[in-house]
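The structure appears right after this line, and notes come after that.
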Amino acid sequence: MASIGLLNPYLEPHQGLNATTVRKYDRELLNFSSYSYLGMTGEPRVREAAKQAIDTYGTSVSASRVVSGEIPLYASIERRLAEIYDVDDAVVTTSGYITNAATIGFLLGPKDIAVCDSLAHNSLIAGTRWAGCRRVNFRHNDPASLEAVLRMSRRTAGRALVVLEGHYSMEGDIPPLPELIEVARKYDCVIMVDEAHSFGVLGALGHGVRELYGLPGDAVDIWMGTLSKALGSCGGFLAGNRDLMMALKYAGPGVSMFTGGPAPAAIGAALAALDVLAAEPQRVQRLRENGETLWKLVTDSGFETGIAQGTPIVPVLLGGGGRAPLISAKLIEEGINVSAIVAPAVPDGEERLRFFATSEHTTDQLEAGVAALARVVHAIGG
Ligand code: PMP
C-alpha cells in the first residue's frame, strides 16, 4: 500500500470510540467497521458499570474460575443469558473465539463427526481440529445438503454435532433454522448455533435467531454467543441444559479450566448492556431499519451484495485482485472507514467491503457512506 502511495487500512489504531464515527489517521471518519450493533461500547451506563466492577473486584479475578476466581457477577450474567435463551443455565468466558474452539474440542473426539455449514466461522473449525474429530461440510444454509451428508456419514460416527450460525458474519444471511434442526434431529445429532452476529440483532427484543423463529430453548443443545459485539464488551458465552453447562463450567479446558476468569469490567459492562437492551428495545428496531436502508442504498447503487438479506451486515462483493483493500484505502481519503475482507477470511476471488450498520447511524450517514463508495468505485473504473 505504502509503495503505491496509499494508507494501509489494516492494524491502524483508532483514538476514542469505534462507533458511528472513528478517529484514525489523525482525522474523523464516518465508520462502518464497528460491530457495536446497538451502540453499547460508549453507552454511559455500560461504561459506568465497567468502572463499578473494577472498583469492587479490581481489574482481574486473578485465578481460574474453578479454583478461586469465581465472582457473583458471573452468576448474575449467566442467569440473565439462560432466561433469554429459555434454558437452564449459561457459562461466560473470556473470548468468543476460544469458546467455540474449546467447546467443540471438549465435546467431540476422534470417533465423532462435526457437520458444519460450509461458511461456519474459523473458530468453529478450529474446535473440530482441537477435537481431532472428522469434519464434513454441507452446502451453506441448505437442509437437503445437510441431509445428504448425514445420510452418508452419520452411521459410522459416534456422536455427531451439527454446527451453524444464527446470522452469517461475512454474508449477512440467516439460516432456515427450523428446517436444519428437523434434519439434524432426524439423524440424532447434537446442534450448536453461534449467535455472535444474531444476539442483539435478530428478533424484536434482540434475543437472536431463536426469538426470530419463535423456537423453544431446547430446540438446539448449545447456544453460543459473544459479549464483544452487540453487548459492547469482550468475552463469550454458552447457554444450554444444566448438565452440559455444569460439565463445561467445572471441566471445560479454555472455558473455565486452565484459563483465568473473565475480567470483572467486561462482565459488568455486558450486564449493563443487557439492562439497556431490555429497557430500550427500540435500539433493535432502529438497527433493523438501518440495515434495510443501507442494503437498499447499496443495491440501488448497482453493487453486488451476494446472498445478503438486508440485515445490518452488508457485504459489497468486489471480485479479486486486491480491489477491496484498494477501495477501502481510497475511502479513507474520502472520510469513510469500512473494512476490506480478503482471503483467508473469504474464498479467493470473493473479496469484499463489509459494511456494518448500527442502531446509532443516521440516514444521512448511511447515504454519505454509499455515495462515497460509488464515487470511489466510479473513479477507479468499476
Ligand atoms: N463467531 C463468529 C461468527 C464471529 O464472527 C466471531 C468474531 N468475529 C467469533 C465467533 C469470535 O468472537 P470474539 O471476537 O468475541 O472472540
Query raised in the report: Where in segment 72-150 are there helices (runs of 4 or more DSSP H), lying fully within it, with 2 or more residues that are at pLDDT 95 or above, closer than 15 Å to Gly225 by Cβ and away from the ligand (no atom under 15 Å from the Cβ)?
Result: 72-85
Requested in this report: Inspect all residues belonging to segment 239-260 and state whether any of them is within 18 Å of the chain's Cα centre (by Cα) and of a type outside the set (A, V, I, L, M, F, W, C).
Outcome: no
Report task. Mind listing whichever residues of segment 123-154 are in contact with a Lys or Arg (Cβ under 7 Å, 6 or more places away or on another chain) and touching a residue at least 12 places away in the same chain (Cβ under 8 Å)? Result -> Thr128
Report summary line: Taking segment 300-319 and keeping residues more than 19 Å from Gly206 (Cα to Cα) and not hydrophobic (A, V, I, L, M, F, W, C) leaves Asp300, Ser301, Gly302, Glu304, Thr305, Gly306, Pro315, Gly319
Query raised in the report: Which one of the conditions (1) on the phi > 0 side of the Ramachandran plot; (2) touching a residue at least 12 places away in the same chain (Cβ under 8 Å) does Gly214 fail to meet, given that it meets all the rest?
Result: (2)
Report summary line: Scanning segment 223-254 residue by residue, the ones that are closer than 25 Å to Asp275 by Cβ and not basic (Lys, Arg) total 18
Query raised in the report: Within segment 92-141, how many residues turn out to be surrounded by fewer than 19 Cβ atoms within 10 Å (Cβ to Cβ) and small (Gly, Ala, Ser)?
Result: 4
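Let's see how each residue does on (1) without any contact (Cβ under 8 Å) to a residue 24 or more places away in the chain; (2) in a loop (DSSP other than H, G, I, E, B):
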site	(1), (2)
Ala345	no, yes
Arg354	no, no
Ser359	no, yes
Gly369	no, no
Leu373	no, no
His378	yes, no
Query - Ser60 vs. criteria more than 15 Å from the ligand (Cβ to nearest atom), among the polar types (S, T, N, Q) and outside any loop (DSSP other than H, G, I, E, B) - result: no
Report task. Return the pairs, sorted by first residue and then second, in which the second residue is surrounded by 10 or more Cβ atoms within 10 Å (Cβ to Cβ) and among the small types (Gly, Ala, Ser), the first residue lies in segment 1-18 and is in contact (Cβ under 8 Å) with a residue 60 or more places away in the chain, the beta carbons are less than 7 Å apart, and the residues are 6+ apart or on different chains. Result -> Met1/Ala329; Leu6/Ala329; Leu7/Ala329; Pro9/Ser328; Pro9/Ala329; Pro9/Ala340
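The values are calculated or read from the model by the stated rules, or taken from the named source; none is laboratory data. Given the structure is predicted, the values throughout are model-derived calculations rather than measurements. No Cβ is skipped: glycine too gets one built from the backbone with ideal geometry, and neighbour counts run over all protein chains shown.
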